[in-house]
Amino acid sequence: MRERLAALGRSHEGRLAIFVLGLAAGFAVVAPGFRSLGNLRDLLESHAVLAIMASGLLVVLIAGGIAIS
């Protein structure tokens, strides 16, 4: 378990995840309404279309339909 956490901390993705979680924790401390269920619902509603488009693009990229190089 410790080896996995250490490997996660060394990768770029792991550092980004730690940074995002730190930002969320900071916002939760500074703004009390940030951790509310209503805020989560608003975030999901406002970004739903973008998430659907990104999911579609991800499927195309994985299938090899588009090269980004």
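Laboratory data are not the source of any read-out in this text; all were calculated from the coordinates shown. Here the structure is a predicted model, which means the values were calculated and not measured. Note that we place each Cβ from the backbone using ideal geometry, even for glycine, and neighbour counts take in every protein chain shown.
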Integer Hz, Karplus 6.51/-1.76/1.60 couplings in order for the stretch 51-66, x for Gly and Pro: 5, 5, 5, 5, 5, x, 5, 4, 4, 5, 5, 5, 6, x, x, 9
From phi via Karplus (6.51, -1.76, 1.60), per-residue ³J(HN,Hα) for the stretch 12-19 in Hz, x at Gly/Pro: 5, 5, x, 5, 5, 4, 5, 5
Largest to smallest principal axis extent of the C-alpha atoms in the stretch 16-56, angstrom: 34, 26, 10
Structure-derived Kirkwood radius over Cα pairs in Å: which label, when the choices are [x] 12.5; [y] 14.3; [z] 15.2: [z]
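Treating only the Cβ of Lys, Arg, Asp and Glu as charged (+1, +1, -1, -1), what charge dipole size does the chain show about its Cα centre? Round to the nearest 20 debye. Walk me through the numbers on the way to the answer.
Numbers: 6 positive and 4 negative charges, 56 e Å.
Dipole magnitude for the chain comes out near 260 debye.
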